[in-house]
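For reference, the structure is listed below as structure tokens.
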Amino acid sequence: MPSAEGASPSKILVKAEAKKEALLPAFVFPELSVVSDFMAGAERYHPTETIAKFLLLTPRRVRQLTAEGVFTRARDSETGEFLRGRYSLFETTHAYIKFLREGKLDDPDGSNYIRSRSRRMHSLAEEATIRVQILKGKVHRSEDVEFFMSNRDTAIRARILAISSRITRMLVGKTDPAEIRTSSTRKRLPF
């Protein structure tokens with residue numbers, strides 16, 4: 001095996017490139033030499049269009065997500081300033097996956113519609129169940145129940161208020177508290 005010391009730098013570079021290309025999976029986009037960049041130890045920053053293509057979004061949606069704070073633009077390593085329209089593919093992909101997992105979507109597949117329809121169908125089914133119970137006589141209207149309860153409470157109140165007038169006739173002229181107690185508890189009150 002020939003040593004790398006005797007080979008020219010261009011031959012070594014060609015061999016290294018061939019080795020990287022052999023390691024690239026088939027699903028990587030040609031314009032995204034991401035795996036080779038990552039394996040080489042240096043990550044490139046990619047334009048909005050490339051990020052959009054990789055994430056199956058439109059460039060406008062990438063800019064919207066950046067404005068919403070989901071994506072962050074790449075920073076210049078020397079000045080620390082944000083690079084306009086340039087993104088780190090790994091950071092952007094991870095941020096987008098987190099965004100999708102949290103469910104902060106603007107209803108792209110109509111999930112809000114489906115959820116709302118499901119709630120409506122559930123309430124209609126509940127209403128139908130109550131109507132059937134009313135027809136079977138198992139449920140009473142609240143006004144009817146309130147009417148009977150107030151009549152019952154009024155009758156109880158009237159009987160309680162009548163106790164004093166009925167017991168006073170039995171206790172006329174008695175002054176001994178023990179005698180009053182025994183006569184009111186032993187005798188059945190007339191009500």
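The values are calculated or read from the model by the stated rules, or taken from the named source; none is laboratory data. Just so it is clear, the structure is predicted and the values come from calculations on it, not from any experiment. Positions of Cβ are generated from backbone atoms using ideal geometry, with glycine treated the same way; all protein chains shown enter the neighbour counts.
Assorted remarks:
- From Arg119, Arg101, Arg63, residue being loosely packed, with under 11 Cβ neighbours inside 10 Å and modelled with pLDDT of 90 or more: Arg119
- Of all the listed residues (Arg169, Arg157, Arg152, Arg181), the sole one being surrounded by fewer than 10 Cβ atoms within 10 Å (Cβ to Cβ) and assigned to a helix (DSSP H, G or I) is Arg169.
- Scanning region 134-149 for residues that are surrounded by 10 or more Cβ atoms within 10 Å (Cβ to Cβ), of a type outside the set (A, V, I, L, M, F, W, C) and modelled with pLDDT of 90 or more turns up just one, Glu146.
- For region 62-82, the set of residues classified as more than 23 Å from the chain's Cα centre (by Cα) and not in a helix (DSSP H, G or I) consists of Thr72, Arg73, Ala74, Arg75, Asp76, Ser77, Glu78, Thr79, Gly80, Glu81, Phe82, listed by residue number.
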